[in-house]
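Undergrad: The structure is given below, and queries will be raised subsequently.
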Amino acid sequence: MKDRPTLVYADVSGNIYDWPALEMAGASANEWRRLRPAELIPLPEGSELFLLPERLPVGFNRKAGRFEPMPSDPFDPAKPVRAVAAFISPAYTRLYSPAYRADARAPILPLFAYTAVGWQNGGFVVPAVRIDSDQRQDFRNFDPKLIERNAGGRMKAERGNRLLQHLGRCALTYGCPAARNLFMNRWEAPLPTSPECNARCIGCISRQDGAGLCATQDRITFVPTPDEICGVAIPHLKKAPRAVVSFGQGCEGEPLLQAKTLEASIRMMRKATGRGAINLNTNGSLPDAVEKLCRAGLQSIRVSMNSARPEYYEKYFRPKGYSFEDARRSISVVKTNGGFASINYFVLPGFTDQESEWNALRKLISETRLDLIQMRNLNIDPDWYLGKLRPDLSEKKIGIQRLISQIRDEFPDVGLGYFNPPLD
């Protein structure tokens, strides 16, 4: 089956094998799919492989013409097997989730993005596309020794700056790509500011309460002062190539809840330098606050959305005191003020590419005059997510690859990417 990738599975010891009797399959929500050669690429450098507990791998039997779960280890039928998924590197958008059959006892998967993976011509392959050519988070571009040396030196020299200390831990403990780039003095640097949030996202990666899930990183526990923020931001804006500084990170809540601190910080930054871009990653809940930040010097915004359909947006974000309309209006506010606007569009195959979602997205693009759609893989257990949102899974799915093509065809002025771009 050289023309088709083969299924991969894990044994009880966690060893990963391929099984040539079954062809690799992918999942689009509740449907298993065979994968076309044009949908497959080699597993990107820096990606990881995950074992999926209590889930049987599913492949396609070409002889029988059907999808089949692998019930046990073909080399030792008395032993169970597990499905395998890839967690692909930044800048890539997945086209299919892994195909598996979950046991009734299967635990909720941790908050990562799961991509189908197979084996072909001596290497792992995944259904994905490189959606952004920017190499700012490519694995090979990080120098661990330089990061450790620079982070350690700055943490020692700037002991009084709590934000710098927090970002040092993010770089050295969690391997946060944005924090690592800060300490390599380049590109986009993070500015987390808010320990609190006005949403209760079911897939929040920094705070989980009683859902059977663990947050994948620690949330910041304090609100840094404008001086602490500018101690990180101003040197970066002045010297870094293609400089961007961004409020709103995975290690915090909603930065708009600290709008006064952000406004004072932005004014200090712009007094010090006109270089680089100041960006806000946000849920867009407070458009009036966004207006004030734009007047202070905010240049770009990225509003997170799992769906352009209000009912599914609100089921995921579970907003407290705001609505989808507020998020939409925040995008328009930035555009009215001459800024750059994008959405952080959480992609899940079989949901994001439903026809009604595409129709809602094209309406959002037309109404807000978006500049960019960042097509980021949603970090969540697909079955758990769909169970929470309960969309009509009988609805036609056009495919993620075709969705990308249709956005490009209908809205040629709207960019597709993964990162906040430099603006100067």
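The values are calculated or read from the model by the stated rules, or taken from the named source; none is laboratory data. Note that the structure is predicted; figures quoted are calculated from it, not measured. Counting neighbours? That spans all protein chains shown, and the Cβs are built from the backbone with ideal geometry, glycine included.
Undergrad: Name the single residue, out of those in region 208-233 being surrounded by fewer than 16 Cβ atoms within 10 Å (Cβ to Cβ) and charged (D, E, K, R), that is nearest to SER246 (Cα to Cα).
TA: So, considering only residues that are surrounded by fewer than 16 Cβ atoms within 10 Å (Cβ to Cβ) and charged (D, E, K, R), the one nearest to SER246 (Cα to Cα) is ASP227.
Undergrad: Closer than 14 Å to PRO57 by Cβ, touching a Leu at 6+ places or on another chain (Cβ under 8 Å) and surrounded by 18 or more Cβ atoms within 10 Å (Cβ to Cβ): is that true of ALA128 in this structure?
TA: Taking the combined requirement at face value, the residue does not satisfy it.
Undergrad: List the pairs whose first member sits in region 315-334 and is farther than 17 Å from ALA360 by Cα, whose second member is acidic (Asp, Glu) and assigned to a helix (DSSP H, G or I), and whose Cβ atoms are under 7 Å apart, counting only residues at least 6 apart or on separate chains?
TA: Correct list of pairs: VAL333/GLU291.
Undergrad: Taking the conditions exactly as written (under 21 Å from ALA277 (Cα atoms), more than 22 Å from the chain's Cα centre (by Cα) and touching a residue at least 24 places away in the same chain (Cβ under 8 Å)), does LEU164 satisfy them or not?
TA: The answer is yes for LEU164.
Undergrad: Starting from region 369-391, take each residue that is of a type in the set (Asp, Glu) and list its partners that are in a loop (DSSP other than H, G, I, E, B), counting only C-beta distances under 7 angstrom and pairs at least six apart or across chains.
TA: ASP371/VAL414; ASP381/ILE108; ASP381/LEU109
Undergrad: Please indicate, with yes or no, whether at least one residue in region 290-302 is in the same structural domain as ALA341 (by TED's automatic domain parsing) and under 30 Å from LEU393 (Cα atoms).
TA: Scanning region 290-302 turns up at least one residue that is in the same structural domain as ALA341 (by TED's automatic domain parsing) and under 30 Å from LEU393 (Cα atoms).
Undergrad: Within region 316-333, can one find any residue that is assigned to a helix (DSSP H, G or I), polar (S, T, N, Q) and surrounded by 19 or more Cβ atoms within 10 Å (Cβ to Cβ)?
TA: yes
Undergrad: Just give me the residues in region 95-123 being outside any loop (DSSP other than H, G, I, E, B) and either farther than 13 Å from VAL84 by Cβ or among the polar types (S, T, N, Q) (or both), in sequence order.
TA: SER97, ARG101, ALA102, THR115, GLN120, GLY123
Undergrad: Here's something else I'd like to know. Report, ordered by the first and then the second residue, all pairs with beta carbons closer than 6 Å, sequence separation of six or more or different chains, a first member in region 140-151 that is aliphatic (A, V, I, L, M), and a second member that is surrounded by 15 or more Cβ atoms within 10 Å (Cβ to Cβ).
TA: Going by the 6 Å Cβ cut-off, the qualifying pairs are ILE147/ALA171; ILE147/ARG180; ILE147/PHE183; ALA151/GLY168; ALA151/ALA171; ALA151/LEU172; ALA151/PHE183.
Undergrad: I would also like to ask the following. With respect to ALA85, determine if the residue is outside any loop (DSSP other than H, G, I, E, B), within 18 Å of LEU348 (Cα to Cα) and not assigned by TED's automatic domain parsing to the domain that holds ASN379.
TA: yes
Undergrad: Separate question: Select from region 174-194 the residues that are assigned to a loop (DSSP other than H, G, I, E, B) and not β-branched (Val, Ile, Thr) and write down the one among them that is surrounded by the fewest Cβ atoms within 10 Å (Cβ to Cβ).
TA: Residue satisfying both the conditions and the ranking: GLY175.
Undergrad: Also, quick follow-up: For region 371-381, check the following and say yes or no: at least one residue is closer than 25 Å to LEU213 by Cα, charged (D, E, K, R) and within 20 Å of the chain's Cα centre (by Cα).
TA: yes
Undergrad: Suppose we filter region 358-384 for residues that are aromatic (Phe, Trp, Tyr) and surrounded by 22 or more Cβ atoms within 10 Å (Cβ to Cβ); how many remain?
TA: Total satisfying the criteria: 0.
Undergrad: Could you tell me whether any residue of region 92-102 is within 27 Å of GLY417 (Cα to Cα), among the hydroxyl-bearing types (Ser, Thr, Tyr) and touching a Gly at 6+ places or on another chain (Cβ under 7 Å)?
TA: Yes: one or more hits.
Undergrad: Pull out all pairs, ordered by first then second residue, where Cβ-Cβ is under 9 Å, the residues are six or more apart or on different chains, the first lies in region 394-413 and is at positive phi, and the second is acidic (Asp, Glu).
TA: GLY399/GLU39; GLY399/ASP353
Undergrad: Can you find even one residue in region 47-70 that is under 21 Å from ASN377 (Cβ atoms), of a type in the set (Lys, Arg) and not in a strand (DSSP E or B)?
TA: No, the conditions are met nowhere in region 47-70.
Undergrad: Let me ask another. Counting only residues that are assigned to a loop (DSSP other than H, G, I, E, B), touching a residue at least 24 places away in the same chain (Cβ under 8 Å) and surrounded by fewer than 17 Cβ atoms within 10 Å (Cβ to Cβ), how many does region 261-296 have?
TA: Residues in region 261-296 being assigned to a loop (DSSP other than H, G, I, E, B), touching a residue at least 24 places away in the same chain (Cβ under 8 Å) and surrounded by fewer than 17 Cβ atoms within 10 Å (Cβ to Cβ): 2 in total.
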